[in-house]
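Quick note: the coordinates plus some simple rules give every number you see, no bench work behind them. Model, not experiment: these values are computed from the prediction. Ideal geometry is used to build each Cβ from the backbone, glycine not excepted, and the neighbour counts take in all protein chains shown.
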Amino acid sequence: MKIKFIGATEDVTGSMTLLETPACKILIDCGLYQGIPSVVKKNLRPLPFNPKEINAIILTHAHLDHCGHIPRLVKLGFRGNIYSTKATLKLAHLIMNDSAHILEKNEHHLLQDFYEPEDVVIATSLFKAKKHHEPFSLLGMEITFLPAGHILGASSVHIKGEKSITFSGDLGRSDDPIIFPPEKCPMTDILVMESTYGGKNRNGDLEKELKDFLNKIRTNSKIGIIASFAVARSQMLITLIHDYYLSHPEEKIRLVIDGPMMTEANKIYREFKDYTKHPQNLEAALNEVEIIEHIREWQSIKKNEGPLIVITSSGMVAGGRIWRYLENWQDDTNACLFLPGYQAEGTAGRALKEGERTIHDEQGKIIKWSGEVISSEAFSSHADQNELVSWISEIDKKTQIYLNHGEVEAKIKFKELLISLGYQNVLIAEAE
Ligand SMILES: [Zn+2]
């Protein structure tokens, strides 16, 4: 059994690991590199394998940095099966399709012609859905998906072959408001583990920060614009706000959402609500939230003077519906932009978070934002350092651990921490 680390070795995107046995070649995740142009260009590097020789892909979860390279492999001739949970299948279809349409629409994109919507159709037909805790056979190995928290459908993967090997996937937090915590790592010979927050613990109190934001918008009759990822973060925010207004009806103000992909993701979360912590609340929140779909609804809302809260995409202000809100209210000093997510280097969201007020979109449109900007790191859907340590509390200290999916500093800090806790074989994963 040989492990070849291909992506997510230098940073937190492009997850892809090749597992090779005498009988087969399997990929664990097949994600896109995302971020600044120099990172996006990594997608264009030649793959260290022939896609036609890959027997199967095992997908931990639906984020683009884990599934976004699949249609490219399909375009290059991959026709094996793709294994994931059913919720991951549905969300991955949505996310890959969105990616293909972005590439198709934007002729200046670095990944133009990387793949087309037709490749996503074929990719989706190759999926085989599997349930958590139900082992299945694959080319002489036994594979089991285990709940990883993080987002709907996310899994760790436990593989039994000549040795046992576990891939953490992205791990969720222990106190996520709607997704159950990850299940502890099982005993395993080899562990490939994410380390996004290996270097630190989370700051802030998510519910308090959201409550403060809602109060600020209401008491000052502001326009509150929340930049949110269409999948997972939006459903969490919609549910939290719904629940807060249920217990504080006197504070309720108008809440709308705007984002076609968000609306599609809502349908998938509703379909799989029983895999979330509070299915009734989630369903009620998603059923009741007001959706801005048609141009006439936008025409009427754009004249609004507040109080009003809008949840709209994208989460890093990299494109999407949020731009029309920013443009419409850019001169309004009473407007307030809330950034409750990770803001990658090179995005307008990062610039705003760091105090810049003149931003431009991918087409060069310039906006000068006059209102307030609030950012928060409390809403992360990743396990922090303490939670990562807790996740491996039941494995043997001699387990061979490889750390991937983290910035260099986070991986080094986490490796040092694990060694100080008695783990004897900790290595930072390196691409060959
Ligand atoms: Zn993820």
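Key figures
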item: Fewest-first sequence of 185, 67 by Cβ atoms within 10 Å of each Cβ; result: 185, 67
item: Set of aspartates and glutamates with alpha-carbon distance to residue 252 below 19 Å, sequence-local pairs under 8 removed; result: 207, 209, 212, 243, 283, 288, 290, 305
item: Sequence of 366, 95 once ranked by neighbouring C-beta atoms within 10 Å, starting from the fewest; result: 366, 95
item: Euclidean distance between Cα centres, the range 182-221 to the range 17-52, Å; result: 28
item: Positive-end residue of 282, 245, 231, charge dipole of the range 206-375 with Cβ unit charges; result: 245
item: Whole-Å semi-axes of the range 206-375's equivalent ellipsoid (Cα gyration tensor); result: 25, 18, 15
item: Per-residue ³J(HN,Hα) for the range 310-318, Karplus 6.51 cos²θ - 1.76 cosθ + 1.60, θ = phi - 60°, Hz, x for Gly and Pro; result: 10, 9, 9, 9, 9, x, 10, 6, 8
item: Given 90/130; 4/411; 52/267, the pairs whose alpha carbons are separated by over 23 Å; result: 52/267
item: ³J(HN,Hα) computed for each position of the range 152-164 - Karplus, 6.51 cos²θ - 1.76 cosθ + 1.60, integer Hz, glycine/proline x; result: 3, x, 5, 9, 8, 10, 10, 10, 10, x, 5, 10, 9
item: Under-5 Å amide H pairs with residue 337, H placed in peptide plane, nonlocal only; result: 225, 372, 373, 374
item: Where chymotrypsin sites (Phe, Trp or Tyr not before Pro) fall in DSSP loop in the range 268-336, at most 11 other Cβ within 10 Å; result: none
item: DSSP beta bridge pairing in the range 82-218, given as percent antiparallel to the nearest 5; result: 65
item: Sequence-distant residues sharing a close amide H with residue 127 (under 5 Å, placed H); result: 82
item: 13 Å Cα-Cα reach of residue 208 towards aspartates and glutamates, excluding residues that sit fewer than 8 places from it in its own chain; result: 377
item: Mean Cα-pair separation over length for the chain, i.e. relative contact order, pairs under 8 Å, 6 or more apart, %; result: 17
item: Burial ordering of 136, 213, fewest other beta-carbon atoms within 10 Å first; result: 136, 213
item: Rel. contact order, % - alpha carbon contacts under 8 angstrom, at least six apart, the range 38-148; result: 27
item: Note, ³J(HN,Hα) from phi for the range 296-305, Karplus 6.51, -1.76, 1.60, rounded to Hz, x at Gly and Pro; result: 5, 5, 5, 4, 7, 6, 5, 8, 5, 10
item: Calculated over the chain: convex hull of Cα atoms, volume per residue (Å³); result: 133
item: Helical segments meeting 24 Å axial Cα length and Kyte-Doolittle -0.5 threshold in the chain (DSSP H); result: 86-105
